[in-house]
Amino acid sequence: MASPLRIVYMGNPDFAVRPLQIMLEHNYNIVAVVTGQDKPAGRGKKMNESAVKVFAREQNLPILQPESLKDETFLTQLRELQIDLIVVVAFKMLPKVVWQIPTIGTINIHASLLPQYRGAAPINWALINGETKTGVTSFLINEKIDTGNILLQKEVAITETETAGTLHDKLQESGSQLLIETLHLLESGKTQGIDQQTLYTNEAELKPAPKIFKETCKIDWNKPTTTINNQIRGFSPYPGAWTTIQKNGTTLVFKIFSAECSFETHNLKPATIVENNKHISIATADGFLKPIDIQLEGKKRMNISDFLCGFSFADVTIQ
């Protein structure tokens, strides 16, 4: 039986596709999908559509791509849809004039256990910080990003070999299931939620999840082995933790997507490379990191043993 709720869905990346799909599978009435404008990408500057737009078009859903969320034409379109609820997954911060339109409210699915890891990159930062668990949260949107009243949460374990890619997939599925549970909750009339401020005593307890930049991904070999490995896991498969190597006077970016940790006492300077058979070890503050899955600038991604068949680190230094 179809739900009577009239819902507008807002999202952009692949993470937001599965929640939309599962809502359709449960016969929720999606009256429109709002997603970002097409953008030129790649060398050919071909117009790139969001993953949500591609899926929405395949499902014959009405698509809105406003240049601005405050555009009067767009706001009029939303009001004319007479919506009960807006569902937001991996989109952008909404202005108050938008999230106040639906009669029930506007909800968001966030890839962390709020109030921890508010921000743009919760999956990455949970791994970088060495967390053993994270989760997904549904909450009501308000004036400040990721601070609204919590509706439901679901914990997800983080394994020792977890990467941002594998954790993304786990949270995507958990978030999709949580969304359906949240919609059932709202349909039952329970729309108040829990004030996030009751879950911590001061802001210093909270770990942020700011946007990732290139410099965030650069490896500092003076840090402990586990810290570096967590950084590698947190940026794998994208955008990739990196360092720079110099060979024959040429400096190249060297990305590491997975590695093994070795906690051995040594007197080597951090970033010293030790090549042994078909493996390399890079000295850290308290041991060695042994890259497994790597990519050298201008080359394809490959296993280190395959890479060493045609490359020697004998005259290479890390910058």
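The values are calculated or read from the model by the stated rules, or taken from the named source; none is laboratory data. The structure presented is a predicted model; accordingly, all values stated were derived computationally and were not measured. Positions of Cβ are generated from backbone atoms using ideal geometry, with glycine treated the same way; all protein chains shown enter the neighbour counts.
If you go through region 269-319 one residue at a time, how many are in a loop (DSSP other than H, G, I, E, B) and under 18 Å from residue 241 (Cα atoms)? Final tally of qualifying residues: 11.
Within region 238-264, work out how many residues are touching a residue at least 24 places away in the same chain (Cβ under 8 Å) and more than 30 Å from residue 15 (Cβ to Cβ).
Residues of region 238-264 that are touching a residue at least 24 places away in the same chain (Cβ under 8 Å), as a first pass: 238-248, 251-264.
The next check asks that each one be more than 30 Å from residue 15 (Cβ to Cβ); those that pass are 244-248, 251-252, 262-264.
Qualifying residue count, region 238-264: 10.
Candidates 90, 41, 51: the one that is in the same structural domain as residue 169 (by TED's automatic domain parsing), at pLDDT below 95, out of contact with any Phe, Trp or Tyr (no Cβ under 7 Å at 6 or more places or on another chain) and not charged (D, E, K, R) is 41.
Among the residues of region 99-114, what is the count of those that are within 18 Å of residue 17 (Cβ to Cβ) and not hydrophobic (A, V, I, L, M, F, W, C)? Matching residues across region 99-114 total 2.
When residue 248 is tested against (1) closer than 15 Å to residue 316 by Cβ; (2) at pLDDT 95 or above; (3) in contact with an Asp or Glu (Cβ under 9 Å, 6 or more places away or on another chain); (4) not basic (Lys, Arg), only condition (2) is not met. Residues that are of a type in the set (A, V, I, L, M, F, W, C), more than 23 Å from residue 96 (Cβ to Cβ) and not in a loop (DSSP other than H, G, I, E, B) within region 148-178 comprise 152, 156, 157, 164, 167, 171, 178, listed in sequence order. Can you name the number of the only condition in (1) of a type in the set (Ser, Thr, Tyr); (2) under 20 Å from the mean Cα position of the chain (by Cα); (3) farther than 16 Å from residue 32 by Cα that residue 50 fails? Tallying (1) of a type in the set (Ser, Thr, Tyr); (2) under 20 Å from the mean Cα position of the chain (by Cα); (3) farther than 16 Å from residue 32 by Cα, residue 50 fails exactly one: (3). Only one of the numbered conditions (1) more than 25 Å from residue 53 (Cα to Cα); (2) in contact with an Asp or Glu (Cβ under 6 Å, 6 or more places away or on another chain) is violated by residue 160, and that is (2). Residues that are touching a strand residue (DSSP E or B) at 6+ places or on another chain (Cβ under 9 Å), surrounded by 15 or more Cβ atoms within 10 Å (Cβ to Cβ) and either farther than 19 Å from residue 89 by Cβ or not assigned by TED's automatic domain parsing to the domain that holds residue 15 (or both) within region 150-171 comprise 158, 163, listed in sequence order.
Of all the criteria given as (1) assigned to a loop (DSSP other than H, G, I, E, B); (2) buried (at least 19 other Cβ atoms within 10 Å of the Cβ); (3) not aliphatic (A, V, I, L, M), the one not satisfied by residue 67 is (2).
Let's see how each residue does on (1) out of contact with any Ser or Thr (no Cβ under 7 Å at 6 or more places or on another chain); (2) exposed (fewer than 15 other Cβ atoms within 10 Å of the Cβ); (3) among the aliphatic types (A, V, I, L, M):
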| position | (1), (2), (3) |
| --- | --- |
| 210 | yes, yes, no |
| 215 | yes, yes, no |
| 235 | yes, no, no |
| 249 | yes, yes, no |
| 255 | yes, no, no |
| 259 | yes, no, yes |
| 266 | yes, no, no |
| 284 | no, no, no |
| 290 | no, no, no |
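Considering 196, 231, 246, the condition of being among the polar types (S, T, N, Q) and closer than 20 Å to residue 107 by Cα is satisfied by 196 alone. One residue stands out among those in region 95-114 that are crowded, with 21+ Cβ neighbours inside 10 Å and in a loop (DSSP other than H, G, I, E, B): the one that is farthest from the chain's Cα centre (by Cα), which is 102.
Yes or no, residue by residue, for (1) buried (at least 18 other Cβ atoms within 10 Å of the Cβ); (2) outside any loop (DSSP other than H, G, I, E, B); (3) among the hydrophobic types (A, V, I, L, M, F, W, C):
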site: 4; (1), (2), (3): no, no, no
site: 10; (1), (2), (3): yes, yes, yes
site: 20; (1), (2), (3): yes, yes, yes
site: 27; (1), (2), (3): no, no, no
site: 33; (1), (2), (3): yes, yes, yes
site: 47; (1), (2), (3): no, yes, yes
site: 52; (1), (2), (3): yes, yes, yes
